[in-house]
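Notes to accompany the following structure.
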Amino acid sequence: MKSGMIGLIIVLVLILVILMGIYLGIRYLRKKTREFSRMLFGTDNLGEGIRRQEAEYASTPKSVSGATSLYLPQIMRDFPEFHYDEMKRRAEGVLRAYLQGIHEENPAMLDTVDVTEELKDKLDMKIRALQNDGCHERFEQIKIHRTEIHRYLKERGRTTIVFQSSVAHITYLEKDGKIIKGKKDRLTQNRYNVELCYIQDRALVEGMDSVGYSMICPNCGGAINVLGDKECPYCSSSVKEFNIKVWFFHDVRAVK
C-alpha cells in the first residue's frame, strides 16, 4: 500500500514537473515573441504587428524604375515633336482603359485610345480566357501614383518607348461568387509597363501583320529603316513629306 502511494506521488510529481516545464517554456516563448514583435513591428502583439505591416505595404506605392532624365534627351533628339507630358498622360489613359476593360469584360474600352489591333486582341483574349474558366478579374479604385520612361529601344524599322507606372488598386479574382485570389477590402500596389511604338504612315508600311515598320522610298522603292530619316539612303530623294510620324500603344503588362 505504501509503495503504491509512493509510486503515485512520484508520478504526480513528474506530471507537475512536466507541466511546470511546459508553462515556463510557453512563458519563455511568449517573452521572445513579444521581444521579436517589438523589435520588428514596434508592438508586443505579433498578429497586430503583421496586420500593421500588411496595411503599410498595401498603402505604400511601389517605386518605378524610371530613367526619364536619361532617355528623354535622346528621344527629343530623334523626335523633336515628341510631347512627353501628353504621351505620359495618354499612357496612363491606356493603362486605365486596359484594366477597366478586364474589370467590365469589355474590349471596347480600348476603342477610345490610340492602341494597335494587337493590344485590342490581347485584351479580348484575356477576357475570353477568364470567361472560359468561369472567372471574373476585378480592378477597383484605380489610382496611378507615378509614371516614368523606363526604356527607349531603337531597332530596325521600329522604336519603342516603355512607360512604367506605379499603381494602387483593389484587385481580386472571383469564381462562382467566391474570391479565389486577392482581397476585396484591401488595396494592392503594383507596377505596369505600357509600350508605345513609333509607326510611320501605315499606308506606306510593309508587313503590317507585325509591329515592325519600315517605309518605302516613293522614288526608288528602297526600304527606309532608320526612323527619322529625311532622305532615302539609296537615291537621296527627300522623304520628309512622306515621313508621317504616328505613335500607337501596343502592349500593357504587369511587372513583378
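No value in this document is a laboratory result; all are computed from the given coordinates. Please read all numbers here as calculations on a predicted model, not as lab measurements. Positions of Cβ are backbone-derived with ideal geometry, glycine not excepted, and every protein chain shown enters the neighbour counts.
A few remarks follow.
- A simple rule links phi to the HN-Hα coupling: the Karplus curve 6.51 cos²θ - 1.76 cosθ + 1.60 with θ = phi - 60°, which for region 85-102 gives 4, 5, 5, 5, 4, 5, 4, 5, x, 5, 4, 4, 5, 5, 5, 5, x, 5 Hz, with x for Gly and Pro.
- Backbone phi angles across region 131-137, fed through the Karplus curve with coefficients 6.51, -1.76 and 1.60 (θ = phi - 60°), yield HN-Hα couplings of 5, 5, 8, x, 10, 9, 9 Hz in residue order; Gly and Pro are listed as x.
- Unsatisfied cross-links (Cα-Cα over 27 Å) in the set Lys88/Lys122; Lys143/Lys256; Lys122/Lys154; Lys32/Lys183; Lys62/Lys122; Lys31/Lys62: Lys32/Lys183; Lys31/Lys62
- Around Arg128: net Lys/Arg minus Asp/Glu count, Cβ-Cβ under 12 Å: -2
- Trypsin sites (Lys or Arg not before Pro) restricted to region 152-185 and DSSP loop, no more than 15 other C-beta within 10 Å: Arg156, Lys183, Lys184
- Report note on the peptides 134-146, 21-33: ranked by the mean count of other C-beta atoms within 10 Å, highest first, their order is 134-146, 21-33.
- Cα→Cβ-extended label distance, 7 Å offset, between Lys143 and Glu155, nm: 3.7
- Computed over neighbours whose Cβ is under 11 Å from that of Gly182, the net charge equals +1, Lys and Arg +1, Asp and Glu -1.
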